[in-house]
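Presented below is the structure to which this report refers.
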Amino acid sequence: MNDRIREILSWYASENPGVRTNLARMLNHGRLGGTGKMVILPVDQGFEHGPARSFAPNPAGYDPRYHFQLAIEAGCNAYAAPLGFLEAGVSDYSGDIPLILKCNDHDLLNDERDPISAVTAGVGDALRLGCVAVGFTIYPGSALRTEMYQQLRELAEEAKAVGLAVVVWSYPRGSSLSKEGETAVDVVAYAAQIAAQLGANIIKVKLPSEHVELVEAQKVYQKYEIPIATLADRVRHVVQSAFDGRRIVIFSGGTYAADETFFEEVRAIRDGGGFGSIIGRNSFQRKKPEALKFLDTVMRIYEGSNG
Amino acid sequence: MNDRIREILSWYASENPGVRTNLARMLNHGRLGGTGKMVILPVDQGFEHGPARSFAPNPAGYDPRYHFQLAIEAGCNAYAAPLGFLEAGVSDYSGDIPLILKCNDHDLLNDERDPISAVTAGVGDALRLGCVAVGFTIYPGSALRTEMYQQLRELAEEAKAVGLAVVVWSYPRGSSLSKEGETAVDVVAYAAQIAAQLGANIIKVKLPSEHVELVEAQKVYQKYEIPIATLADRVRHVVQSAFDGRRIVIFSGGTYAADETFFEEVRAIRDGGGFGSIIGRNSFQRKKPEALKFLDTVMRIYEGSNG
Amino acid sequence: MNDRIREILSWYASENPGVRTNLARMLNHGRLGGTGKMVILPVDQGFEHGPARSFAPNPAGYDPRYHFQLAIEAGCNAYAAPLGFLEAGVSDYSGDIPLILKCNDHDLLNDERDPISAVTAGVGDALRLGCVAVGFTIYPGSALRTEMYQQLRELAEEAKAVGLAVVVWSYPRGSSLSKEGETAVDVVAYAAQIAAQLGANIIKVKLPSEHVELVEAQKVYQKYEIPIATLADRVRHVVQSAFDGRRIVIFSGGTYAADETFFEEVRAIRDGGGFGSIIGRNSFQRKKPEALKFLDTVMRIYEGSNG
Amino acid sequence: MNDRIREILSWYASENPGVRTNLARMLNHGRLGGTGKMVILPVDQGFEHGPARSFAPNPAGYDPRYHFQLAIEAGCNAYAAPLGFLEAGVSDYSGDIPLILKCNDHDLLNDERDPISAVTAGVGDALRLGCVAVGFTIYPGSALRTEMYQQLRELAEEAKAVGLAVVVWSYPRGSSLSKEGETAVDVVAYAAQIAAQLGANIIKVKLPSEHVELVEAQKVYQKYEIPIATLADRVRHVVQSAFDGRRIVIFSGGTYAADETFFEEVRAIRDGGGFGSIIGRNSFQRKKPEALKFLDTVMRIYEGSNG
Amino acid sequence: MNDRIREILSWYASENPGVRTNLARMLNHGRLGGTGKMVILPVDQGFEHGPARSFAPNPAGYDPRYHFQLAIEAGCNAYAAPLGFLEAGVSDYSGDIPLILKCNDHDLLNDERDPISAVTAGVGDALRLGCVAVGFTIYPGSALRTEMYQQLRELAEEAKAVGLAVVVWSYPRGSSLSKEGETAVDVVAYAAQIAAQLGANIIKVKLPSEHVELVEAQKVYQKYEIPIATLADRVRHVVQSAFDGRRIVIFSGGTYAADETFFEEVRAIRDGGGFGSIIGRNSFQRKKPEALKFLDTVMRIYEGSNG
């Protein structure tokens, strides 16, 4: 392991060697292995948004094996998916890429104001499938967040005890937040902090906007002139909010954008000290050759090139 | 152990030696060690109020290690924080300061009238992290208090069986109380009593105001002319309300105040027979040299000087 | 054991010898030991009503040890209190008086129409503290009674299995009852029956008034001319309603009264075949010499004197 | 994963994906990764033979970190050691090489005729240390073999359920075997079969001699003219005896030999269809540069060169 | 924590922070706190040798509290004793000295050739008594060693999971060893290695003699000219045999010796890189003032003086 990876692992000194081994497996795998940067392919949209919305743009993606292949060929650090998708493909790709088992999922057939995901898999599944980590989504801002935090707490305790790393999707949502507030910089930073305090090893948040949602926070951002004008500034603030950069924070691009806009965001993540990207629809919803080209550019940016 | 510590521990004779050992570890640690007084540094505000509101005033505090260092250098009796903050720093400071694991936490992304904190850590975490105690917040007055009392009861039973002390933050809040009522002297005294009856070893309450909230209580305070005119009077009443002074009760100062006002309050805590202070934002939100100077004054007051 | 105690224990023949031993410990302890009558000191008012309302009239009562001393000096059969009060005093009085651990409690900082107490202690606590029984309050009439009955059922099953007796405070309250109805004779009798059916070994109810609350009950009381004109009549009816006198039923006096009124009530309990009194505020809210004199009179009445 | 690895994994289709992932991790790691051949470094001799006998020839080996470094630099597929050695080094090399936790060990301070190893570690240890497999030694021929088989059965069941592969050292020993019989070809083949039948994923045996130990076996070897004249013949027979080559069988060289003799044996293993070598003393008992050169030759032979 | 303590703790990086905290508590306590050296007072001789043989020379030692006082006044790093002795004294000295609960014990009323100690306490006891570590004796060389190793393995797994350190007394004994062999340098080194491989955090062995017991070992000691002529040489070899000095190894002096002989041995432990002494009979079998003087000299030697 090189010095950068050693440094990152040192932040997790209170975890057992199993957790650190699995973090190292992700950090050292794929094209960005050893750089301290990560690109993860997540494919939970079949559950979260429905199959046609997810896979019709590139029907190859209906097949669970497609996403393993895509992640492997692109040189991603890891592939994350719900139970069924992993079960349906893992035997063909055993050991070829680190796997993250998404352990809760939410569907849109009943889209509540205050959502909570169903717990759909657990530590036993992750072990029998050979995963390196469990993934869990929390919705800070939801009236049901208390229950989610507690579910995460129990999952994380069980997972870490057996050496699995814990990846948390921290997505503010719920009746107490405006739509704009879900990606407000103060809210995203707060969501990163909550995930870190709950014991997350890797934290995934959305890219923050310049909006500040909470009145009390607004005063602080102004008084202390916290720089949030550029995306890189905001990424830096979010990373700082996750234990001063001592937790791995990666970002999702969210909705479709022109590729160049997307690459611009990746450069901002890199320049703001973010640890990488988790890229789902923007990769698997195009034909594989295009997807590989797209991800190649992303990784080149993280390697330090301009893309 | 000196006579004062022996006396304090005698109040906990029904606890097992493990609990008493961990109480002694806190009472004997740091600059106030052996005096029977305590100053504890709690840093849960990242979770409770958000990262920028908590750490922007002194950005060093984004780093979890900072608070360990601050507590150690200031000579605090203990440091209290949520799971993530302890996990991220404990390996660098093993055994250097008694640790209290905050086992439930609440965030402001959804700020209900009747709050309940999420259970975010447990006894297993406290043991593997080498803590001396678990901490738990209850909100007497909340419509959900029954659930919180029961969570505390289960946590306390489990914790004490393995020798961990139990620290309870008893903060009246909820739809049945006026804002002013949250710190009313009768309500704070009642909150201290409830925590003591629930088996708390150390009770943390807010400094009480002269206001009396409950009608039935008002009659009693008047009839029996309970002295509540000065802060020292009210501290004395709260301490009396926690088993006639046979439970350790410490006080928080709450929001910012001019330092001298704060010191005045500390003198009142001391003169009223309080056992010490739990000081978060007033310490970690200023630069370390100033914080050390500030805490030095606080400790001098508890040592009997005028500050 | 004398014949009367043997007779009382014969009603509990299906309980294991441990439960019967602990019932015998209470029945044979103190000044009324062996008479089949009981006077129990309960002190849960600090939790239930708040510290000042409970202890300001006689500030010695802020100290948990005071109540042990009072119960012992007065020759009570048992002392009942919540977890914290027992923990804080038991080590000074180990074995000096039978102890009942109140396992649920309710506070007034949020006073609902349909109350439920929080479970605040359990069988493990009772065993480690050396108690003879667990105590539990149910509120028949509350919309949440089902949950309370189930909690009691679980507690009683666990307690009896390890030989602890079960004492039930059965206090009708809730949105479905008028204020007057809470002590209506039909309601109190019904509450005693419910407690007995739930497996209570000792049942504590309030003294019943002449009021009949339930329409359907009213018809029956009239049709069968059930005697309820005098307090002794009503006590007799309540005792009959608890398995025809084959369960120990004791009564509380409730709010303050002139002492002679109180003694009159005690005579009615005795004459109506009640098994004794549970006397809290009327005893610990006066100075100890007065309290001892007061309790001496009560016990003399139960011994058959006129007081 | 390439076709050869896919083929090997197909033999383990009844194992869960976790076990296959961990087999793949070993098969794909290091210099022989992807060839289907393996060289594993085992260092349990400190326990099995004592420290001086093991490490005095190359004192660097007293340090547990040395063996991690050696295995990594040599490009071994995996490193196997007892609990203490793994615990003492794993944090410095997390994820750098697949680890096998030796779960039982035997020492020579009491050298019985019918040995049994002590169970010294378990599945929980393997998981928290981030291992890919558990290792277990059985002594077919020992009067205590039944107990060992049953211990293995329990360990294997538990290990496979959580995705850990099972490596079995199958070493005939005991009062019923002559010293020569311990490596007799019939006995070694029998030992390989027993391990396979017990569910071993990887089987380690000693190189078989031409001797045939068991009388009944002798008749069969003669009658069917089983070729055992050359070492390659005997390796082929042993591999055949482990499910016709559908289980990974690797061989140990045992005591010191001239290097060329050793290499000759490796060529025989390769030519007989063996899957590789497990090389302890022959590697770690020489200075690292020499050890690396030695292992380089071994691996070159497995890669198909003549060494 | 200073650099030396930080270095020592770094050897235990695979343990959880709780174990490291408890190691730090011992390393930082008492007069040698922070030096990396330890003097531990063990008093299990009442069980192991009988009361009169143990305490008649200084009858104050019949009282369990005496040994707490002695360890505290002398400034020892820790006090180790069986269950009963700790239970009988701990409440008077809560938190005053780190405690090690001896979890198995052996008596001489039946003195077998192949001894095994009875398991007399466990992790639950250690936690409720507030201990920092469990202690366990193994007898390598005993025909029953396998059972002891397995008992230790289970105890250690359970203890470490809850943050307790593991101290192993590794005392070769049994029918396969000559009396002289019990302290032979090869045997003691082997015993240290076995304890380390079993996961011991602190290893206690007897001072080794120049004798070499095992024939195979004899050849190695001669061939590699391992220096064992002086006691310091032998201490150095034993420390090396416990993971090249990366495990804390402390030594016992065994039988009575003239004080100066004893001090000479302590100097050899120090000069050979040993981590300290565990001194029972030589301290508690003399009057306290003499014992304190004796231990003062020992500690001065470890501090670097000549005694």
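The values are calculated or read from the model by the stated rules, or taken from the named source; none is laboratory data. Since this is a predicted model, take the numbers as computed values, not measurements. Backbone-built Cβ (ideal geometry, glycine too); neighbour counts: all protein chains shown. Just so you know, the surface numbers come from the protein's heavy atoms only, side chains and all, with ligands and any DNA or RNA stripped out. Shrake-Rupley method; radii C 1.70, N 1.55, O 1.52, S 1.80 Å.
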Could you please tell me the mean projected area of the C-alpha convex hull for the protein assembly as shown, averaged over all directions and given in square nanometres to one decimal?
61.5 nm²
B:VAL215: net charge of surrounding residues, Cβ under 12 Å, Lys/Arg +1, Asp/Glu -1, itself excluded?
-2
Chain B: antiparallel bridges as % of DSSP beta bridges, rounded to 5, reads 5 percent
Keeping all protein chains in the complex and leaving out DNA, RNA and ligands, what accessible area do you get for C:PHE55 with a 1.4 Å probe, in Å² to the nearest 10?
0 Å²
Å² of accessible area per residue within region D:1-145, as computed with a 1.4 Å probe and no ligands counted
22 Å²
Against the 2.2 N^0.38 Å scaling, with N counting residues, where does chain E land? I'd like the Cα-based Rg ratio to two decimal places.
0.92
When a/c reaches 1.5 or more, the comparison of a/b and b/c decides; with that in mind, is region E:44-175 rounded, prolate or oblate per its Cα gyration tensor?
oblate
Non-local amide H neighbours of C:GLY272 (under 5 Å, H modeled in plane, Pro and chain starts lacking H): which ones?
none
For E:202-211, what's the mean count of beta carbons from other chains sitting within 10 Å of each residue's beta carbon?
0
Counting only protein heavy atoms with a 1.4 Å probe and every protein chain in place, the carbon and sulfur fraction of the accessible surface of the protein assembly as shown in whole percent equals 50 percent
If you count only protein heavy atoms and use a 1.4 Å probe, how large is the accessible surface of E:GLU210, to the nearest 10 Å²?
100 Å²
Report the Cα centroid-to-centroid distance between region C:137-156 and region B:208-273 in angstrom, as an integer.
37 Å
Other-chain or far-sequence residues with amide H under 5 Å of B:ILE278's (modelled H)
B:ILE40, B:PHE251, B:SER252, B:GLY253
Using θ = phi - 60° and the Karplus relation 6.51 cos²θ - 1.76 cosθ + 1.60, list the HN-Hα couplings for region E:157-171 in order, rounded to whole Hz, with x at every Gly or Pro.
4, 5, 5, 5, 4, 9, x, 8, 6, 10, 10, 10, 7, 10, 10
For the C-to-A rotation axis, chain C residue with nearest beta carbon and its distance in angstrom:
C:GLU147, 10
Report the semi-axes of the equivalent ellipsoid for region C:5-122 in whole Å, largest first, where each axis is √(5λ) for an eigenvalue λ of the Cα gyration tensor.
27, 19, 12
Past the 29 Å Cα-Cα mark, which pairs from B:LYS179/C:LYS287; B:LYS160/C:LYS293; D:LYS37/D:LYS293; A:LYS160/B:LYS288; D:LYS102/E:LYS37; B:LYS204/C:LYS206?
B:LYS179/C:LYS287; B:LYS160/C:LYS293; A:LYS160/B:LYS288; D:LYS102/E:LYS37; B:LYS204/C:LYS206
Calculated FRET efficiency, A:THR230 and D:ARG6, Cβ-Cβ r, R0 41 Å, to nearest 0.05?
0.30
Shortest first and in nm to one decimal, what separations exist between D:GLU225 and its copies in the other chains, measuring from label points 7 Å along the Cα-to-beta-carbon line?
5.9, 9.7, 11.9, 12.2
Would you kindly derive the ³J(HN,Hα) couplings of region C:13-22 from the backbone phi angles with the Karplus curve 6.51 cos²θ - 1.76 cosθ + 1.60 (θ = phi - 60°), listing them in order in whole Hz, with x for Gly and Pro?
4, 7, 6, 6, x, x, 4, 5, 4, 6
Let's see if you can work this out: charge +1 on each Lys and Arg Cβ, -1 on each Asp and Glu Cβ, no other charges. What is the dipole magnitude of the protein assembly as shown about its Cα centre, in debye to the nearest 20?
1080 debye
Nonlocal amide H pairs with B:SER209, under 5 Å, H built at 1.01 Å
B:ALA184, B:VAL185
Percent of beta bridges antiparallel (DSSP, the protein assembly as shown, rounded to nearest 5)
5 percent
Debye intensity ratio I(q)/I(0), log10, region E:144-192, q values 0.13, 0.22, 0.30 Å⁻¹ (C-alpha model)
-0.39, -0.83, -1.10
I'd like the mean, over residues of B:184-194, of how many other protein chain beta carbons sit within 10 Å of each residue's own Cβ.
5
Log entry, pair E-D: total buried accessible area, probe 1.4 Å, protein chains only, in Å² rounded to 100, is 3200 Å²
By the C-alpha gyration tensor axes a ≥ b ≥ c (rounded if a/c is under 1.5, else prolate when a/b exceeds b/c, else oblate), the shape of region D:157-307 is oblate
With x for Gly and Pro, the residue-by-residue ³J(HN,Hα) of region E:76-83, computed from phi through the Karplus equation 6.51 cos²θ - 1.76 cosθ + 1.60 at θ = phi - 60° and given in whole Hz, is 5, 6, 6, 10, 10, 7, x, 3
Heavy-atom SASA rank of A:THR297, C:THR261 (probe 1.4 Å, accessible area, largest first)
C:THR261, A:THR297
Nearest-0.05 FRET efficiency for B:ARG113 and C:ARG128 at R0 = 35 Å, using Cβ-Cβ distance, is 0.40
For an R0 of 45 angstrom, estimate the FRET efficiency from the Cβ-Cβ distance between D:GLU180 and D:ALA60 and round to the nearest 0.05.
0.80
Put a label point 7 Å from Cα along the Cβ direction on E:LEU108, then list its distances to the equivalent points in the other copies in nm, shortest first.
3.3, 6.9, 7.0, 8.2
Counting partner chain Cβ atoms within 10 Å of every residue's Cβ in D:126-135, what's the average?
5
With D:ASP96 itself left out, Lys, Arg at +1 and Asp, Glu at -1 over residues whose Cβ is under 13 Å from its Cβ give +3
